[in-house]
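Reviewing the structure listed below.
The values are calculated or read from the model by the stated rules, or taken from the named source; none is laboratory data. Computed from a predicted model, the values in this text were never measured in an experiment. Note that each Cβ is placed from the backbone with ideal geometry, even for glycine, and that neighbours are counted across all protein chains shown. Accessible surface areas use protein heavy atoms only, side chains included; no ligands, DNA or RNA. Shrake-Rupley method; radii C 1.70, N 1.55, O 1.52, S 1.80 Å.
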Amino acid sequence: MAFDSFGDFVHRLEVMGELKRIPQPVATELEITELADREMKEAGGGKALLIEKPTVNGSASPFPVAINTMGSWRRMALSMGVESVEEVAADLGSLMKAKPPTSVGEAMKLLSTAVELRHARPKTVKSGPCKEVIHKFEAPVTRREPWQAAPGVDGLVAADANSATLLNLPILKCWPLDGGRFITLPCVVTRDPDTGERNLGMYRIQIYDDRTTGMHWQLQKVGARHGRRYYETGTRMPVSVFLGGDPMFTFAATAPLPDGLDEFLLAGYLRKQSVELVKCETNDLEVPANADFVIEGYVDPQEPLREEGPFGDHTGYYTLPEPYPVFHITAITHRRSAVYPATIVGIPPMEDFYMGAASVKLFLPVFKMNFPEIVGIALPAEGVFHNLVFVSIRKTYPMQAYKIMHGLWGMGQMMFTKYIVVVDDDVDVHNTSEVLFRLCANTDPQRDSIFTRGPADVLDHATSAVGAGSKLGIDATRKLKGEGFPRPWPPLIKMDPAIKAKMDRLFG
């Protein structure tokens, strides 16, 4: 199901009973965070919130804020237009079964082909709702589009009083020690200067003033790789950021896709309709025509980096200030009836848990095609995305658990995982209590643990060096003789099925 705008998705949530309207004025400074945090901590992720009258420095913003819109399994499924995320994963898995890959590279290539077979590649259009209001540096204007009534001479009129700027957008200051306001759901579009390949990523954006922001693309991210090439050549780097539109744009920006696979292709597959892209006003990048907001600009390699942060991050701790590139704004365009999308991160569970877990479910068929013994993968909320991973396998030979550990550490953003616990196939990896029981019962700490080193999340404050750290793998599976285990392995206590059935009949 394709949504025509972020507001269209918000309306769908309201119809389905998944939205609370907040009619009172609520400050973008800390107050929206407190409301949203309370809601996200409710059982099952609570409800989405629509803040109808957000205030910025005490003044009303012309744009409402929607938050926690994908913060439950039901809302995550609604964003994809399905009954459950598993339904989409099964569909993608069936597309990929035609030709099982023999390597990780083949699997990713097959993923791209499978997605492209279902829906056409993104297509370029001349204009779209994201250009209903155009605000450039020199003279803000409103452009008449084919679906609008003619406003006057030459189709141009003075800008609306509600034209978006970085100073009146309801951008949140999330936590007390944050270094300022941060755009928390920015879809950042960059292009590889060598190949022309586009990337859609999500990197938080700190507001410095009305025309400059920070650009927090982390060391291992594709946007940072594109940026390094521009820094090497000294040429100005075009960057565009959009917010809103179909929620699958946001999800695709966070998905752990391999470098070179177009995120708009994934978004088109998930929304069952190819993405219409429109060229920006002040650079040559393309953004979705039905986005709610577009912020255009550039990064200048000749300019010194600037301190960005602190920021209350998904780790549950503040990320301390670090130098990052400055993003200069050249234009802001938007819908007249735009809705500002936001999220907050912090001590879990938060909205991002459901988005990250949905990615794992969606790409589980890819993992299984490379590692057919995998039964399930879970990223517990306490692990804040990739810190902790539980994996269940059908174990058939010695040291198989270690093969899985090393294989997962070599796959995309799994390289950031600090702890991997491997259990047998009869364990529900989504039941943390069950996994911990097997971890404690089935392991000898020295024998069943392995330490290694590798890349680390730059947001991880616990590593001794930025971007590098150690990892721990634990084999909590039953042990085989081939693994040097001389004793017989005892059976797990289970009741006779006939007795269980009889008790069910007698006592329900």
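Applying the set (1) open to solvent by less than 10 Å² (accessible area, probe 1.4 Å); (2) in a loop (DSSP other than H, G, I, E, B); (3) at pLDDT 90 or above to ALA164 leaves exactly one unmet item: (3).
Here region 23-33 is the region considered, the condition is being open to solvent by less than 40 Å² (accessible area, probe 1.4 Å) and touching a strand residue (DSSP E or B) at 6+ places or on another chain (Cβ under 6 Å), and the residue that is nearest to PHE293 (Cα to Cα) is THR28. Quick one: in region 435-451, of everything that is open to solvent by 10 Å² or more (accessible area, probe 1.4 Å) and among the hydrophobic types (A, V, I, L, M, F, W, C), which residue is farthest from ASN387 (Cα to Cα)? Only one residue tops the list, namely ALA441. As a summary of the residue check, LEU362 satisfies the conditions (1) within 18 Å of the chain's Cα centre (by Cα); (2) closer than 24 Å to PRO288 by Cβ; (3) at pLDDT 95 or above except for the one numbered (3). When region 65-90 is filtered for residues that are open to solvent by 10 Å² or more (accessible area, probe 1.4 Å) and not in a helix (DSSP H, G or I), the ones remaining, listed by number, are GLY81, VAL82, GLU83, SER84.
Evaluate the following for VAL389: is it open to solvent by less than 10 Å² (accessible area, probe 1.4 Å) and touching a helix residue (DSSP H, G or I) at 6+ places or on another chain (Cβ under 9 Å)? For VAL389, the condition - open to solvent by less than 10 Å² (accessible area, probe 1.4 Å) and touching a helix residue (DSSP H, G or I) at 6+ places or on another chain (Cβ under 9 Å) - is met.
Surrounded by fewer than 23 Cβ atoms within 10 Å (Cβ to Cβ), out of contact with any Ser or Thr (no Cβ under 9 Å at 6 or more places or on another chain) and not aromatic (Phe, Trp, Tyr): is that true of PRO365 in this structure? Reasoning before the result, please.
Values: surrounded by fewer than 23 Cβ atoms within 10 Å (Cβ to Cβ): yes; out of contact with any Ser or Thr (no Cβ under 9 Å at 6 or more places or on another chain): no; not aromatic (Phe, Trp, Tyr): yes.
Against the criterion (surrounded by fewer than 23 Cβ atoms within 10 Å (Cβ to Cβ), out of contact with any Ser or Thr (no Cβ under 9 Å at 6 or more places or on another chain) and not aromatic (Phe, Trp, Tyr)), PRO365 does not qualify.
Residues of region 485-508 that are assigned to a helix (DSSP H, G or I) and open to solvent by less than 50 Å² (accessible area, probe 1.4 Å): ALA501 alone.
Among the residues of region 200-209 satisfying the criterion of being at pLDDT below 95 and farther than 16 Å from ASP313 by Cα, which is most open to solvent (accessible area, probe 1.4 Å)? The residue in question is ASP209. So for region 234-244 (the condition being under 24 Å from LEU78 (Cβ atoms) and aromatic (Phe, Trp, Tyr)), does at least one residue qualify? Yes, because at least one residue in region 234-244 is under 24 Å from LEU78 (Cβ atoms) and aromatic (Phe, Trp, Tyr). Residues that are under 19 Å from GLY356 (Cα atoms) and either of a type in the set (A, V, I, L, M) or touching a strand residue (DSSP E or B) at 6+ places or on another chain (Cβ under 7 Å) (or both) do not occur anywhere in region 431-453.
Within this structure, PHE293 fails the test of being within 14 Å of PRO186 (Cα to Cα) and either charged (D, E, K, R) or under 18 Å from the mean Cα position of the chain (by Cα) (or both). Listed by first and then second residue, the pairs with beta-carbon distance under 9 Å, at least 6 apart or on different chains, first residue in region 368-385 and part of a helix (DSSP H, G or I), second open to solvent by less than 40 Å² (accessible area, probe 1.4 Å) and hydroxyl-bearing (Ser, Thr, Tyr), are GLY383/THR417. Pairing residues of region 259-283 that are at positive phi with residues that are β-branched (Val, Ile, Thr) and not in a helix (DSSP H, G or I), at Cβ distances under 8 Å and at least 6 apart in sequence or on separate chains, gives GLY260/THR195.
I want to confirm something. Restricting to region 171-184 and keeping residues that are open to solvent by less than 10 Å² (accessible area, probe 1.4 Å) and not in a loop (DSSP other than H, G, I, E, B), which single residue is farthest from PHE63 (Cα to Cα)? Residue satisfying both the conditions and the ranking: PHE182.
Which one of these is open to solvent by less than 70 Å² (accessible area, probe 1.4 Å), at pLDDT below 95 and part of a helix (DSSP H, G or I): GLY454, GLY482? Even if it seems obvious, please write down each step before you answer.
On the way: GLY454 fails: part of a helix (DSSP H, G or I).
Every option except GLY482 fails the conditions.
Taken over region 264-279, residues that are under 8 Å from ARG121 (Cα atoms) and of a type in the set (Ser, Thr, Tyr) amount to 1.
Look through region 422-434, keep the residues that are open to solvent by less than 30 Å² (accessible area, probe 1.4 Å) and farther than 25 Å from GLU351 by Cβ, and return whichever of them is farthest from the chain's Cα centre (by Cα).
We begin by selecting, within region 422-434, every residue open to solvent by less than 30 Å² (accessible area, probe 1.4 Å); these are 422-424, 427, 429.
Still in the running and farther than 25 Å from GLU351 by Cβ: 422-424, 427.
Values: VAL422: 25, VAL423: 27, ASP424: 29, VAL427: 27 Å.
Top of the filtered list is ASP424.
Of all residues in region 187-199, none satisfies being buried (at least 22 other Cβ atoms within 10 Å of the Cβ), touching a strand residue (DSSP E or B) at 6+ places or on another chain (Cβ under 6 Å), in contact (Cβ under 8 Å) with a residue 60 or more places away in the chain and over 21 Å from LEU266 (Cα atoms). Is there a residue being open to solvent by less than 20 Å² (accessible area, probe 1.4 Å), outside any strand (DSSP E or B) and either among the basic types (Lys, Arg) or under 30 Å from SER84 (Cβ atoms) (or both) anywhere in region 232-244? Within region 232-244, one or more residues are open to solvent by less than 20 Å² (accessible area, probe 1.4 Å), outside any strand (DSSP E or B) and either among the basic types (Lys, Arg) or under 30 Å from SER84 (Cβ atoms) (or both).
Among the strands (runs of 3 or more DSSP E) confined to region 279-345, the ones with at least 3 residues that are within 30 Å of GLU39 (Cα to Cα) and open to solvent by less than 30 Å² (accessible area, probe 1.4 Å) are located at 293-299, 340-342. Within region 34-64, how many residues turn out to be surrounded by fewer than 19 Cβ atoms within 10 Å (Cβ to Cβ), outside any helix (DSSP H, G or I) and out of contact with any Ser or Thr (no Cβ under 9 Å at 6 or more places or on another chain)? Selection size over region 34-64: 6. In region 1-22, the qualifying residues are those that are without any contact (Cβ under 8 Å) to a residue 12 or more places away in the chain and farther than 21 Å from CYS130 by Cβ, and the one that is most open to solvent (accessible area, probe 1.4 Å) is VAL15.
For residues that are of a type in the set (Lys, Arg) and either open to solvent by 80 Å² or more (accessible area, probe 1.4 Å) or in a loop (DSSP other than H, G, I, E, B) (or both), tally how many sit in region 457-479.
Residues in region 457-479 being of a type in the set (Lys, Arg) and either open to solvent by 80 Å² or more (accessible area, probe 1.4 Å) or in a loop (DSSP other than H, G, I, E, B) (or both): 2 in total.
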